[in-house]
Every structure is written in C-alpha cells, then in structure tokens.
Amino acid sequence: MEQSNAFDVIIIGGSYSGLSAAMALGRSLRKVLIIDSGRPCNRQTPHSHNFITQDGQTPAAISSVAKEQVLQYKTVSFIEDKAIRGQKIDDRFVITTESQKEYTAKKLIFATGVKDLMPNIKGFSDCWGISVIHCPYCHGYEVRQQKTGIMTNLEVALHMTPLIKNLTTDLTVFTNGEYQLDEQQLQMLTANNILVVDTPVKEIIHQKGYLNKLVFEDGSDFELTALYAPVPFEQHSDIPQQLGCELTDMGHLSVDPFQKTNIDGIFACGDSTVRLRSVAYAVSSGNIAGAVANMELSHETFLQPAL
C-alpha cells in the first residue's frame, strides 16, 4: 500500500474484535491501519473454548491465523505500537503512538479491551486465566465435577452459583472477608449444599498456574482445583474518553446495537463494551463495527442529486 499516514479507518487493538472489524473493512477496499501493543488480556489462558471451529485452540493460534488472513487484504496494515493520544482536527481523527508517530483517519474503531485489576493475594495473578477463571462458558467444562470455588460476594455470587453448580457438586463461596448476604440468601446457598467461607484469603498455592489450595489469613487452608473470580477492571485505553466517549455505569464503553459510541465516527467493540468476555462475541461485535463503519463511509461519499 502507499506510504501515507492517512487512512479511512484506524482500529486500535489488534486481537479478535479488531481483526474481525479489519476483515470487514478490507473486503470493502477500505484503507485500514490496525495499531496493537501486543498484550491481549487472555495471554496466559492455555486454551480458548466455546468458539465454533476453534474450540480448544490457544488464543495465540487463533489470533495468528486471523492476522494472517486479514493481512491478505492489501489495503489493511498492521503495526505493533501503543496508541497513547487521540484528538479530532477538522473532519479527521489524529492518533499519536508511543513511538511518536501520528496517523489520521475518518473513522476510529476501539477494540482495546479491558485491564483486569488483581486483588492483593499472592499467586492470584499467576493463576489468572489458567485455574483462576472468570467464565463458566469459557472454562467450566474443563473443570467440571472438580473441587471448585467462587471468590465473590452478594449479587455476583447469587448470579454465578446456579451456573457453576450445574457443572460441579463440590462448590464453595469464598467472600474473602465479611460478607453482605442476608439470611434468605444464605439459606438459598445452604439448601444447595454450598458452603460460605468468609475468612480473608492470603495466598494461592499453585504449580505453574494450576491451583492446589487457598491459604487464609488465620493460617488455615482449603484444597481447591478451580476458582471463579470476577475481578474489577478498567478500560485498557483512555483515548475514547479523551475524545468524549461515554462509559456505562459498569465502566464499559457505551455503544448502540451497531457498535457506535456517542461520538460520531467512533465505534467500539469487544470486551471493552460488554460483560460478555468471549472470543465469539468479540469476533461478532468487531464484524458489526467494521461493516457499519464502511456503510457510513460509503454513504458519505455517495453523491446526492441536486434538488
């Protein structure tokens, strides 16, 4: 492609949703730049599941094939860099990277994902995505009928326990400190043979990310194979907010059904926009973002007859 820093669309984030958006745009002959820092949030996860045709593949393998296929479209370029700043100048967006390069585009697609905020528990981050997991659809089958825990409290616990209880009869809720469950909620868990442990967790004992047991602040321990742990997060990039994009009450980028943010010309897709953190959803939302961005570009250049 020509050596120019001006593009139809810049996609920030080159994992599943970003590559999916790029494919839709590349097939529409759009000049596209993908900027990716090379640190996907699932980089520790051994295998990806619940994505038809790719079940059991490593996340890196899926990304590698996707990137290879997307870059077959000659109007699509990929650079490994980190976008650090965005601004709107006249009718174009300007993105500045960590290497102090500037690129401009008519449309932006943010596929930047979220950054998980790990609790201050020794061993937790080493196990994240391996045996400390977030989703029963992504990981539950592999740890079915094993000694399983959930580290959470109140609302999330009551949402997750029925899903996980369907996969294992040996389930314990760890609230990691004083819980806020009322008597009726406790009775519901007890009726389903689910133990609630409120002792704070000090450390996770593991072997190369595979959990052996939890060690508590009082010195006691609890043998465990898998631990579901919904953790808080923050947006991986603050550029959308620099440009005026709104967040939902939960902290996701707010988008409509067409992946459009509240700022004209800016789209977002993948797990920065929704709680559904799956490869299948990321690919789907990226495809929509790319298609709708192309539709807008097409309508903007389609001449209307003078009246």
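The values are calculated or read from the model by the stated rules, or taken from the named source; none is laboratory data. Just so we're clear, the structure is a prediction, and the values are computed from it rather than from any experiment. Backbone-built Cβ (ideal geometry, glycine too); neighbour counts: all protein chains shown.
Quick notes
Okay, residues lined up against (1) free of Cβ contacts under 8 Å to residues at least 12 places away in the same chain; (2) surrounded by fewer than 20 Cβ atoms within 10 Å (Cβ to Cβ); (3) not assigned by TED's automatic domain parsing to the domain that holds Ala293:
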residue: Asp36; (1), (2), (3): no, no, no
residue: Asn42; (1), (2), (3): no, no, no
residue: Ser48; (1), (2), (3): no, no, no
residue: Phe51; (1), (2), (3): no, yes, no
residue: Gly56; (1), (2), (3): yes, yes, no
residue: Lys67; (1), (2), (3): no, yes, no
residue: Arg92; (1), (2), (3): no, yes, no
residue: Thr96; (1), (2), (3): no, yes, no
residue: Ser99; (1), (2), (3): no, yes, no
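- For Ile79: the one exception among (1) assigned to a loop (DSSP other than H, G, I, E, B); (2) under 22 Å from the mean Cα position of the chain (by Cα): (1)
- Per the conditions (1) surrounded by fewer than 18 Cβ atoms within 10 Å (Cβ to Cβ); (2) touching a helix residue (DSSP H, G or I) at 6+ places or on another chain (Cβ under 7 Å), the sole criterion not satisfied by Lys213 is (2).
- Criterion (surrounded by 19 or more Cβ atoms within 10 Å (Cβ to Cβ), within 26 Å of Ile95 (Cβ to Cβ), assigned by TED's automatic domain parsing to the domain that holds His47 and modelled with pLDDT of 95 or more) met by exactly one of Thr261, Thr248: Thr261
- The condition of being over 30 Å from Asp264 (Cα atoms) and either more than 27 Å from the chain's Cα centre (by Cα) or part of a strand (DSSP E or B) (or both) holds for only one of Lys115, Lys202, that being Lys202.
- No other residue among Thr190, Thr175, Thr168 is over 29 Å from the mean Cα position of the chain (by Cα) and either over 30 Å from Asp36 (Cβ atoms) or at pLDDT 95 or above (or both) apart from Thr190.
- Selected residue (criterion: nearest to Ala289 (Cα to Cα)) from residues of segment 83-110 that are out of contact with any Gly (no Cβ under 9 Å at 6 or more places or on another chain) and assigned to a loop (DSSP other than H, G, I, E, B): Asp90
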